[in-house]
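Reviewing the structure listed below.
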Amino acid sequence: MINFLNFSFFFFFFFIILVERILIKCISKLYIIFLFIIIYIFPILSFFLYIILFEMFLNKFKNKKINIIKSLINNIIKEIKKKQKKSNNQNYTVAIPLFNLLIKENGVNEINIFLKKKDFKIFSNTKKIFKKIISDIKSAKYKIEMVFYIWKQGGMVDKITEALINASKRGLCCRIILDSIGCFNFFYSKYPKVMRNAGIEVVKAFKLNIFNFFIRRIDIRQHKKIILIDNIVYIGSMNMIDNNYYKNKINKFIDIMIRFKGKICNIMSIIYGFDWEMETGKRIIYEKEYKNIKKSFYHKKNQNFHIISSTLNISKKIIHKIFLTAIYSAKKKIVITTPYFVPTNNLIKAICDVSLKGVEVIIVLPKYNDSLMALWASKYFYTNLLKSGVKIYEFKKYLLHTKSLLIDDKVSIIGTVNFDIRSFCLNSEITLVIEDNNFNNIISQIQKKYIKKSQFVNFEKWKSRSYIYMIIEFFFFLFNPIL
């Protein structure tokens, strides 16, 4: 038995090397030691974890299919960039390093847009969001495209489904991408068949089966939440779930969704087209369709709006760089809201560093969470944060699901990105970087409402918590890389 364990230990040594190569910028050596222990004690379990969580062929992400689609996107982006005006507004000095980083990156992130006040509306009430989406679907004339991590029938979601079916019957093109794991229950219900029979194309994202089990990673998920309706786009943190339909506090998410009109829809169509072709092999974006669009992106005023998509190896780890750059750029104040706070060591260090330098840092987290592991793991970071002067608030009512980062009330980062390693390094995400007074004033007011409904974490009381709690926090913290 000992020989078998020793053999297994050395056999899986290469597994550790792979982990370190993939996530070295995201995790510390402590996790490597932890994985060594797990592998030595549970060699068989480690084998299956390796199969499930790490591809045997990492270069599959760099296959011809992806490169062809990327080439098409890059050609479109290059043409748009020729007409772009770089952002150099000296009134927003906090945004300069952040936007410079985005401009240097390859891909969709280089596109910047001038955001007008009439081009957006921010919704923080779930019922109002659903009503507006249904109204837009009913008014649609050409196409409706959606991508969600979770789609759960019931309540207003049933009305969304009904509106989509009616739109398809009117002759509109309706496409929906749903994550195969997040929507597991949905795909084994009657609804996919009902929707497909009505002409709606419903596809699984990152689907797993016996044929691709060894070449796909189960821990990479389609985490975007996007709705495209003609020249309207919704982006935010809300899954396709009617919170009012469920009585459990944990199932009631507090979200925001932003409704945009105008040029952003063109860029979102490119992003959606990439995801659709990756999952179906069918091309829905063509360069010739964007000849007129390319000209529309030029504006005499400074651009103040960037879109970041982190699908597969496009813009890999760019989101992590963005958050680090934004935090270090802060001069006065940072406000973070997130449902899952299990950040990288670099981000914790950045937050503590700027707080010690005098920047006011406020983090708002949910008191209740649908992930017990993430809830306890997040508390492990409290001590160092509180020591550095960071103010932590726990949202008391329901599950705060809004993902937002506001820097000096001047620049906001809004989208689907959680403050965890999965969002920074693995998942397919969408987020926005916006420097606009009107937009950020609204975000600031929403964040203040969250704080009013939250309980302040007192450092002295926190230090006196039970040792049992400390052990539980540390135990779940060890699972940081997979939360």
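Bear in mind that the values in this text are calculations on the coordinates, not laboratory data. What you see is a predicted model; the values in this text were computed from it and never measured. Glycine also receives a Cβ, built like all others from the backbone with ideal geometry; neighbour counts cover every protein chain displayed.
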Report the calculated FRET efficiency for Ile471 and Lys317 (r = Cβ-Cβ distance, R0 = 25 Å), to the nearest 0.05.
-> 0.15
Cα→Cβ-extended label distance, 7 Å offset, between Thr383 and Lys448, nm | 3.6 nm
Go through 372-378, 117-123, 158-164 and give me the packing order, highest mean Cβ count within 10 Å leading.
-> 372-378, 158-164, 117-123
In nanometres, the difference between 0.36 nm per residue of separation and the alpha-carbon distance of Asn438 and Lys127 is 109.6 nm
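So if the hydrodynamic radius of the range 333-441 is defined as the Kirkwood radius over C-alpha pairs, what does Stokes-Einstein give as its diffusion coefficient at 25 °C and 0.890 mPa s, in µm² per second?
Taking Rh from Cα pairs, D becomes 172 µm²/s.
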Computed lengthening from Lys261 to Lys367, 0.36 nm per intervening residue step minus Cα-Cα distance | 34.7 nm
What is the packing order of peptides 464-474, 398-408, 127-137, taking the mean over residues of other C-beta atoms within 10 Å and listing the highest first?
-> 398-408, 127-137, 464-474
What spacing in nm lies between the two simple spin-label points modelled at Arg283 and Lys357, each 7 Å away from Cα in the Cβ direction?
-> 4.7 nm
Against the 2.2 N^0.38 Å rule of thumb, the C-alpha Rg of the range 407-483 sits at a ratio of 1.49
